[in-house]
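Here the structure comes first, spelled out in structure tokens, and everything after it is commentary.
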Ligand code: SF4
């Protein structure tokens, strides 16, 4: 159908937990609620917000990451009884099946993007989350090492700080979901800006301003 109406036809694709921080894994929320500074900046300019999926909720057992937790007793056992090297292939197989889930979700999102673009909408950008194994734009987390360090700490009876543990394992590279999304966009020659939001920046207000500026809104 071809009708004209008053809409501006502009949108951003926003990382799920910038709108809904309750999707973040236990212990790693970076604020109390939605990312209001960033959201307000889009609302003020009548830019629509498309929420990206939270693949960790889909693949790792919801908000509590119950699937992920199932691994910890196995790794703790491996640490205790010295078969930790055997854990690597198990972890890699599980992460590879998670990567496939993320790839499927990425394809669905790029299908939606193509639809909007065909219909004359403008996608101002995609915003990911640069501290995440799943949604990092330029970063990923070494998950095998993360799980090992977590199990070693639990085995030793040490208190675990999930934020510090996450940031310690942060490295350059392709994350599970955003990496697949960028790859799928490249395959289909979609030239859309992708920006990594830094949730642990000193000021979330300044970080939001940085992101909006990069989008040239
Ligand atoms: S960074 Fe991605 S995977 Fe992690 S909570 Fe946010 S949306 Fe979910």
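FYI, it's all coordinate maths here, none of it is from the lab. Not measured: the values here are computed from a predicted model. In this analysis, Cβ positions are derived from the backbone assuming ideal geometry, glycine residues included, and neighbour counts consider all displayed protein chains.
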Item to check | region 131-217 shape via C-alpha gyration tensor axes, a/c threshold 1.5 | outcome: oblate
Checklist entry - Can you give me the relative contact order of region 10-214 as a percent, contacts being Cα pairs under 8 Å and 6 or more apart? => result 25
Checklist entry - Could you give the length gained on full extension between residue 145 and residue 163, defined as 0.36 nm per residue of separation minus the Cα-Cα distance, in nm? => result 5.0 nm
Checklist outcome for this item: For the pair residue 3 and residue 22, the simple spin-label estimate (label points 7 Å beyond Cα toward Cβ) gives in nm 3.4
Checklist entry - Does a label point 7 Å from the Cα of residue 183, set along Cα-to-beta-carbon, have any residues of region 90-125 with amide nitrogen under 17 Å, and which are they? => result 92-111
Checklist entry - If eta is 1.567 mPa s and T is 4 °C, what Stokes-Einstein diffusion coefficient results for region 10-214, Kirkwood Rh from Cα pairs, in µm²/s? => result 72
Next on the checklist: Between residue 153 and residue 190, what is 0.36 nm times their sequence separation minus the Cα-Cα distance? Round to one decimal in nm.
Outcome noted: 9.0 nm
Checklist entry - How do 154, 75 line up, fewest other C-beta atoms within 10 Å first? => result 154, 75
Checklist entry - So what does log10 I(q)/I(0) come out to for region 53-109 at q = 0.12, 0.15, 0.26, 0.31 Å⁻¹, using the Debye formula with one equal point on every Cα and no solvent? => result -0.35, -0.51, -1.02, -1.17
Checklist entry - Sorted by average packing, counted as other Cβ atoms within 10 angstrom per residue and highest first, what order do 199-210, 120-131 take? => result 120-131, 199-210
Checklist entry - To the nearest Å, what is the center-to-center distance of region 2-35 and region 201-217, using C-alpha atoms only? => result 15
Next on the checklist: Only bridges whose two residues both fall in the chain count here: according to DSSP, what percent of them are antiparallel, nearest 5?
Outcome noted: 20
Next on the checklist: So if I take the centroid of the Cα atoms in region 167-186 and the same for region 120-153, what is the distance between those two points in Å?
Outcome noted: 6
